[in-house]
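Everything below concerns the one structure shown next.
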Amino acid sequence: MERVRGMKIAIDGPAGAGKSTVAREVAKKLGFLYVDTGAMYRALTLKALQSSVNLNSESELIALLNRMTITLRHEPGGQRVLVDGEDVTEQIRSNEVSKHVAQVASHPQVRRSMVEKQRQLAQRGKVVMDGRDIGTHVLPDADLKLFLTASIEERARRRYKELADKNPPPFEVLIEEIRMRDKQDEERPTSPLRKADDAIVIDTTNLSIDEVIDYILNLVAQKWDRGARTHGHL
Ligand code: DC
């Protein structure tokens, strides 16, 4: 696997489909950079909430984005997210941020600015990037595009577990919040959540994280084998 020189892997799908866990592990196994694009939108949302910026105002959000720094720092223990140098890795996962992030991510100019940063991060090629519009818009030339899904009940169950020690809302409320977020992500005019035509769908409802990771690593290996045969340097 080490011989894979450059490969861009795009992983899209709705909230709770298991994208980030899977993307992080696949990147680790391949020695690739992992870029969690949702974390970037979450970081802006957190800062906007803290600064009492009107989340409906695109210009206020852009002004805020231009004067803040978002850093994805890669450490052996996982990715840390920094806003203006402060570690906000845990804070950006709060339910408050989750509830508002789709609204922030719906603004076209906010997206344009984020996409620019994301493409820069993907430039060196060995990258696994997860989000909603990676295969369709950010990296349309990705070598491997995956679309992860799971039933809404299973996604809510996973979210509930994630929030277990953070006072989670009732399960039914979580389902409703996920449904709302799906709707906002799927119906926004700019780069909605959509499967790319050439993406492979993986339904993770009844699969363990390890099964999904193995499946993806197999796809990568197959791609690599095919590439090596085509170019004659096995
Ligand atoms: O994957 P996540 O739950 O951390 O994403 C947070 C929100 O950001 C989600 O509502 C959709 C949005 N998002 C997006 O619009 N485009 C991306 N590439 C990544 C996330």
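Rule-based calculations on the coordinates, nothing more; no lab input. On a predicted model such as this, the values are computed, not experimentally measured, just so you know. For neighbour counting, all protein chains shown are included, and Cβ atoms are generated from backbone atoms with ideal geometry for every residue, glycine included.
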Exercise for review: Kindly identify segment 8-142 as rounded, prolate or oblate by the Cα gyration tensor criterion: order the square roots of the eigenvalues as a ≥ b ≥ c, call it rounded if a/c is under 1.5, otherwise compare a/b with b/c, prolate if a/b is larger, else oblate.
Suggested key: prolate
Study note, to complete from the structure: Between the alpha carbon centres of segment 113-151 and segment 80-97 the gap in Å comes to 21
Study note, to complete from the structure: Once LEU217 and GLU96 are pulled to full extension, the length gained, defined as 0.36 nm per residue separation minus their Cα-Cα distance, is 40.1 nm
Review point. Dipole of the chain, Cα-centred, from +1 at each Lys and Arg C-beta and -1 at each Asp and Glu C-beta, to the nearest 20 debye?
Key: 640
Check your understanding: If you line up the long axis of helix 209-231 against the longest principal axis of the chain, both from Cα atoms, how many degrees apart are they, to the nearest 10?
Key -> 50
Review point. Cα-based Rg of the chain per 2.2 N^0.38 Å, rounded to two decimals?
Key: 1.01
Practice item. Using the number of other C-beta atoms within 10 angstrom as an exposure proxy, rank VAL201, VAL53, VAL128 with the fewest first. Key: VAL201, VAL53, VAL128
**Study point:** Given charges at beta-carbon only (K, R positive; D, E negative), |dipole| of segment 124-220 in Debye
**Key:** 280
Point to revise | Protection proxy ranking of 93-106, 172-185, 130-143 - average other beta-carbon atoms within 10 Å, highest first | key: 130-143, 93-106, 172-185
